[in-house]
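The values are calculated or read from the model by the stated rules, or taken from the named source; none is laboratory data. All of these numbers come straight from a predicted model, not from anything done at the bench. Virtual Cβ from ideal backbone geometry, glycine too; neighbours counted across all protein chains shown. Note: areas computed on protein heavy atoms with side chains; ligands, DNA, RNA excluded. Shrake-Rupley method; radii C 1.70, N 1.55, O 1.52, S 1.80 Å.
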Amino acid sequence: MIPLLIGISLISFLIMHLAPGDITTTEASFNPKTSEESRQKLRQMYNLDKPVIVQYGLWLKRMSTLDFGTSFAADQRPVFWETKDKKGNITKGMIQEALPVTLFINIAGLMLTLILAIPIGVYTATKHNQWQDRLVTSAIFILYSAPGFWISLLLMYWLGVVCNLFPISGLHSLNYDLMSPWEKVTDNFKHLFLPIVIPSITGLAGVSLFVKNGMLDVLYQDYITTARAKGLSEFIVVYRHALRNALLPLITLLGLSIPGLIGGSVIAESIFAIPGMGKLFYDAVLMRNFPVIMGILTVGSALTLLGNLIADIAYAWADPRVRRGVVK
Amino acid sequence: MNLNLIKKSLSNPLALIGFLIILFIFFVAIFAPLLSTYDPDAIDVKAILLPPSFEHLMGTDGLGRDVFSRMLYGARISLLVGFVAVGISTFIGILLGAISGFYRGWIDIVIMRMVDVMLSIPTFFLILAVIAFLSPSILNIMIVIGLTSWMGVTRLVRAEFLSLRDREFVLGAQTLGANDLRLIFIHLLPNSLTPIIVSSVLGVASAVLVESGLSFLGLGVQPPQASWGNILTDGKEYIQFAWWLSFFPGLAILITVLGYNLFGEGLRDALDPRKAK
C-alpha cells in the first residue's frame, strides 16, 4: 500500500505542474487582493524556488502530516481539517465538512442498490432464458447503458417538479434554522431522498447483471444438486446455498467500484446541488484552486485504498477457504 | 480474427442488433450535412424553444437552433471521441501488457504497480483536473480519456501473454530464431486478439459516457460546437419549459452506448468457447 500511496501522491503532484505559469499567478488572477508579498510567501510555502524533486519531497513530507495547506480562495480555509487560530477560533476544514455528506449519500445509496439488485439478479438467474428473465434482463441492460445523469435529471424533474413530491436541491430548506428538531429530521430526509434513491436506481443495473452471472455459475454446480436432493426447499437452496457463493465476487466488485462512486459524485452532486466532495472538487477545478484539488485527489485515492483493504478483509471473512489459506 | 468469427458473432441476434446500431450512428455521422434540415449553428431568435414539429423534428433550443441538426453533428463528436480515446488506451494497454507479460521480472512488477496506482485514483477527478488545466478541447478530451483508461487492457494482454508465453508454438518459434518483436507481434498478439477486441468495443461505450459526462459539466466539447452532452447541459437549464432539449440527447447517448454494449457482449458470448453451442 505504501508504494501505491507514493505513486498516487506523485500523480497529484505532477498535475499541479501541468498548468501553465506557476500557481501563484493563478491565485493572483482570481484573488486580486493578493500582494507581491503574499505571493512570495506562497512561493516559499510551496518551495517553488527549489528544484522539482526537492519540491516533491517537501510536499510529501507535509502530506504525511496531513497538512494540505489552505484554500486559494479569499477565505483561506484549511483544505483538510479544522485549525485553531491564536484567538482560539476554530475554522472547519473543507474536506472535513464535505466528506461525511458524500460518504453518507454513497453508503446509503450502495445499501439501497444492493437491497434492490441482489433479488433482481437472483430472480433472473432462477428464471434463466424464460420470458421473465428476458424481459427483466433487457430492461436492466438498457438501464445499464443509460447515462446516469440523464436518468437522474429526468426523474428529478418528474418527481421533484411535475409531482412536486421532493425538494430537488441542497440539504436543507431555507427556513431550516427555524424548524423543530423533528421537522429538521424530516426536512433532511426529504432532501436526501432523491440524491440517494435516483443514483441507486441507475447503479443497480450493473450489480444485478453481475449477481445474475454469479448465480448462473453457481446454480448448476454439484453441491446445489446435492442440496436439492436432500429435499431442501427451493428458497433455501437458492438463497442459503447458492447466493452465499455467488455473492463472493461481489465484494471485490464493490471494492473496485469505489473510485467510480467518488468520481461519479461530481455529476450527481452538481445535479442535486449537494455540498459534498464532488461539488467541492468541481468548484476547485473551475477556480484552479490547487491545494483543494490536490487534497481531494489524495484523500479520494486514500479512500479507495482503504475501501480495497476493507473489501479484502471482508472477502477473507466471508470465504473460509481464503481465511484458512486453502486458495490464494 | 477471421471472417468466420465475425460471421459467428453476428449470428448472435443481440450482437447483430448492436452492430446495426453502430452502423446507423456511423451513417448519421458521415452524412450529417446531407441529413440535417438546418445549419446546426444558425441562431434564429424568432424560433426559440419550439417543441418538436415537422419543421423542427426535435424542437429548437434556447437560441433557436434546430436540435435535430445539432444532434446529427453531435454524433460525429461522440464517434470521434469514442474511437480515438479507445485507440489510445488500447495502444498503451497492448504495449505495456505485452512488455509486462513477455519479459516478466522487475519490469512486470513496475508496470503492475502503475496499473494499481491508476486504478486507485478516482479517474473522473483526474480527467476533470487535467482538462481544466489544459483547457477543454476535443483533442485534449480524447487524449485524457485514453490516458486514464488503459489499465483494463494492460491486465488483459498481460494475462493472455503469461498463459501463452510457455506454449509449445511460442517456444518452437523461439528455438527457430525468432526475435522478441516477432514473437510478440506475430505469435503472441494475434492469439490474444479476441479479448482485446471485446474490451475495446465495451471501452468505446464507456468513453462515450465519460465524454457526455464531461460535456454535461461544461468541461467537455465547448459550445457553439454541438455534442450530445452539451445539448443536454442546455436542456438542464430549460427542463421546466422544454423537455425535448434534455430528452433527445440522452436518448441518443443511451442508444449508442447500448449498441456498443450489445455488440461487445454478443461478441464475447459468440467467441467464448465455453458458451458456444
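Listed values, structure above:
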{"quantity": "Residue that is farthest from residue A:249 (Cα to Cα), among those in segment A:193-208 that are open to solvent by 30 Å² or more (accessible area, probe 1.4 Å) and aliphatic (A, V, I, L, M)", "calculated": "A:197"}
{"quantity": "Residue B:146 away from chain A (no Cβ under 11 Å), open to solvent by less than 10 Å² (accessible area, probe 1.4 Å), in a helix (DSSP H, G or I) and touching a residue at least 24 places away in the same chain (Cβ under 8 Å)", "calculated": "yes"}
{"quantity": "Breaking point among (1) more than 12 Å from chain A (Cβ to nearest Cβ); (2) part of a helix (DSSP H, G or I); (3) open to solvent by 30 Å² or more (accessible area, probe 1.4 Å), for residue B:222", "calculated": "(2)"}
{"quantity": "From B:102, B:125, residue being over 26 Å from the mean Cα position of the chain (by Cα) and among the aromatic types (Phe, Trp, Tyr)", "calculated": "B:102"}
{"quantity": "Counted residues, segment B:230-253 - those being part of a helix (DSSP H, G or I) and among the aromatic types (Phe, Trp, Tyr)", "calculated": "4"}
{"quantity": "Residues being open to solvent by 50 Å² or more (accessible area, probe 1.4 Å) and touching a helix residue (DSSP H, G or I) at 6+ places or on another chain (Cβ under 9 Å) - total across segment A:91-109", "calculated": "3"}
{"quantity": "Meets criteria (closer than 22 Å to residue A:278 by Cβ and of a type in the set (A, V, I, L, M)) for residue A:161", "calculated": "no"}
{"quantity": "Residue B:159 away from chain A (no Cβ under 13 Å), of a type in the set (Gly, Ala, Ser), part of a loop (DSSP other than H, G, I, E, B) and within 27 Å of the chain's Cα centre (by Cα)", "calculated": "no"}
{"quantity": "Residues of segment A:128-140 that turn out to be within 12 Å of chain B (Cβ to nearest Cβ) and surrounded by 17 or more Cβ atoms within 10 Å (Cβ to Cβ), as a count", "calculated": "2"}
{"quantity": "Complete set of residues in segment B:234-251 that are open to solvent by 10 Å² or more (accessible area, probe 1.4 Å), modelled with pLDDT of 85 or more and more than 16 Å from residue B:69 (Cβ to Cβ)", "calculated": "B:247, B:251"}
{"quantity": "Pairs, first within 11 Å of another protein chain (Cβ to nearest Cβ) in segment B:197-216, second open to solvent by 10 Å² or more (accessible area, probe 1.4 Å) and not in a helix (DSSP H, G or I), C-beta under 9 Å, six or more apart", "calculated": "B:206/B:149; B:210/B:148; B:210/B:149; B:214/B:136; B:215/B:136; B:215/B:222"}
{"quantity": "Residue identified as touching a helix residue (DSSP H, G or I) at 6+ places or on another chain (Cβ under 9 Å), farther than 28 Å from residue B:6 by Cβ and without any contact (Cβ under 8 Å) to a residue 12 or more places away in the chain among B:33, B:51", "calculated": "B:33"}
{"quantity": "Residue check for residue B:185: of a type in the set (Phe, Trp, Tyr), in contact with a helix residue (DSSP H, G or I) (Cβ under 8 Å, 6 or more places away or on another chain) and either assigned to a helix (DSSP H, G or I) or open to solvent by 30 Å² or more (accessible area, probe 1.4 Å) (or both)", "calculated": "no"}
{"quantity": "Answer residue from segment B:132-141, given it is part of a helix (DSSP H, G or I) and farther than 20 Å from residue A:277 by Cα and is nearest to the other protein chains (Cβ to nearest Cβ) among those", "calculated": "B:134"}
{"quantity": "Selection from segment A:150-163 of residues that are farther than 16 Å from residue B:238 by Cβ and modelled with pLDDT under 85", "calculated": "A:152, A:155, A:159, A:163"}
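So that you can scan it fast, the table gives a plain yes or no per residue for (1) within 19 Å of residue B:86 (Cβ to Cβ); (2) polar (S, T, N, Q); (3) away from chain A (no Cβ under 14 Å); (4) part of a helix (DSSP H, G or I):
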| site | (1), (2), (3), (4) |
| --- | --- |
| B:102 | no, no, yes, yes |
| B:113 | no, no, no, yes |
| B:125 | no, no, no, yes |
| B:130 | yes, no, no, yes |
